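The structure appears below as structure tokens.
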Amino acid sequence: MEKREQLYEGKAKKVFKTDDENLYLVQYKDDATAFNGLKKGTIQGKGVINNKVTNFLMQMLEAKGIPTHYVQQLSDRETLVKKVEIIPVEVVVRNIAAGGLAKRMGLPEGTPMASTVLEYSYKNDQLGDPMINETHVYAMGLATPEEMKAIQSYALQINDILREYLKEADIDLIDFKLEFGRTSDGTVILADEISPDTCRFWDSTTGEKLDKDRFRRDLGNAEGAYQEVMKRLMGE
Ligand code: ADP
Ligand code: UDP
């Protein structure tokens, strides 16, 4: 597989074309940003960990019937994925109040939700990814009702699968963000990443934060926390 021209450089990854028109190569960086790019830094080794953790979790989800963009890991930082047209709706799944939800609803962080919360944002950096609801999605033509039905069903299944798996690793899944895309034949599949950058992971026993909040909130040792997640999930 040959790497061709760079299509895009985002905050955490670069995306390249390949000599197969249906496949992209994603390359994970150590760059960390928060608060819509206002805070910038580096988490040493993060790219390698997020690449490996994402691929591990996507393969597990595939085995349980969730279609994903994962094709093949090429190196520590590079993975071959199915090319999709990203649906510009970020999906946040929440089990326990934290971050934006805790703030908006006036709930102490750590308050369990009586049922799973699904939130949507319009994926648009210039606008700061504003929160939207399903009527905005249809009014703006971001996705069809059929696509949203698939996305909701996948998001809830992914939550159940990940929660159960992470429990065995003594990790509570507080909340996480997903992105979906359309393949060339219009099928909706899971894309982007599932990593300590995009999930809140709390140690079930101590409550210690094992995710990007260590960087966002200057809690220290983000590197160690990312490493710990990889070790607990993959034994490396
Ligand atoms: P951001 O764009 O938010 O800064 P990244 O740095 O992670 O995020 O950049 C990766 C970009 O690649 C994102 O915009 C994401 O939506 C997009 N992407 C992820 N998976 C795929 C895929 N399979 N096909 C096309 N684009 C993808
Ligand atoms: N998240 C993400 N990218 C974003 C916004 C959120 O990966 O652009 C993840 C974040 O890591 C957390 C979950 O989504 O696991 C909810 O985040 P938060 O409550 O901080 O988001 P907000 O509601 O403030 O946008």
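The values are calculated or read from the model by the stated rules, or taken from the named source; none is laboratory data. Computed from a predicted structure; not experimentally measured. For neighbour counting, all protein chains shown are included, and Cβ atoms are generated from backbone atoms with ideal geometry for every residue, glycine included.
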Within the bounds of the range 126-144, is there any residue that is away from ligand 2 (no atom under 16 Å from the Cβ), surrounded by fewer than 14 Cβ atoms within 10 Å (Cβ to Cβ), modelled with pLDDT of 95 or more and polar (S, T, N, Q)?
-> yes
Give me the pairs, please: first residue somewhere in the range 120-140 and small (Gly, Ala, Ser), second residue anywhere and surrounded by 15 or more Cβ atoms within 10 Å (Cβ to Cβ) and assigned to a strand (DSSP E or B), beta-carbon distance under 8 Å, and either six or more positions apart or on two chains.
-> SER121/VAL89; SER121/GLU90; SER121/VAL92; SER121/ILE132
Output yes when any residue across the range 158-171 is assigned to a helix (DSSP H, G or I), more than 24 Å from GLN227 (Cβ to Cβ) and of a type in the set (D, E, K, R), and no when none is.
-> yes
Within the range 199-211, is even one residue in a loop (DSSP other than H, G, I, E, B), among the charged types (D, E, K, R) and surrounded by 13 or more Cβ atoms within 10 Å (Cβ to Cβ)?
-> yes
Only unsatisfied item for THR68, checking (1) within 16 Å of ligand 2 (Cβ to nearest atom); (2) buried (at least 19 other Cβ atoms within 10 Å of the Cβ), is (1)
Quick one: is GLN59 in a helix (DSSP H, G or I) and within 13 Å of ligand 1 (Cβ to nearest atom)?
-> no
In the range 161-207, how many are touching a residue at least 12 places away in the same chain (Cβ under 8 Å) and away from ligand 1 (no atom under 16 Å from the Cβ)?
-> 20
From the option list LYS14, LYS40, single residue qualifying as near ligand 1 (Cβ under 10 Å from one of its atoms), free of Cβ contacts under 8 Å to residues at least 40 places away in the same chain and not β-branched (Val, Ile, Thr) is LYS14
Please work out which one of (1) touching a residue at least 40 places away in the same chain (Cβ under 8 Å); (2) in contact with a strand residue (DSSP E or B) (Cβ under 7 Å, 6 or more places away or on another chain) is the condition ALA150 fails and give its number.
-> (1)
Only residues that are among the acidic types (Asp, Glu) and surrounded by fewer than 21 Cβ atoms within 10 Å (Cβ to Cβ): list them for the range 212-236, please.
-> ASP218, GLU223, GLU228, GLU236
Of the criteria (1) in a loop (DSSP other than H, G, I, E, B); (2) touching a Pro at 6+ places or on another chain (Cβ under 6 Å); (3) more than 16 Å from ligand 2 (Cβ to nearest atom), which one ILE189 fails | (1)
When you go through VAL81, VAL117, VAL92 one by one, which is the residue that is near ligand 2 (Cβ under 9 Å from one of its atoms), hydrophobic (A, V, I, L, M, F, W, C) and within 17 Å of the chain's Cα centre (by Cα)?
-> VAL92
The range 151-174, residues that are hydrophobic (A, V, I, L, M, F, W, C) and either touching a Leu at 6+ places or on another chain (Cβ under 9 Å) or surrounded by fewer than 14 Cβ atoms within 10 Å (Cβ to Cβ) (or both) | ILE151, ALA155, LEU156, ILE158, ILE161, LEU162, LEU166, ALA169, ILE171, LEU173
Taking the range 21-37 on its own, how many of its residues are touching a residue at least 40 places away in the same chain (Cβ under 8 Å) and closer than 21 Å to LEU127 by Cα?
-> 5
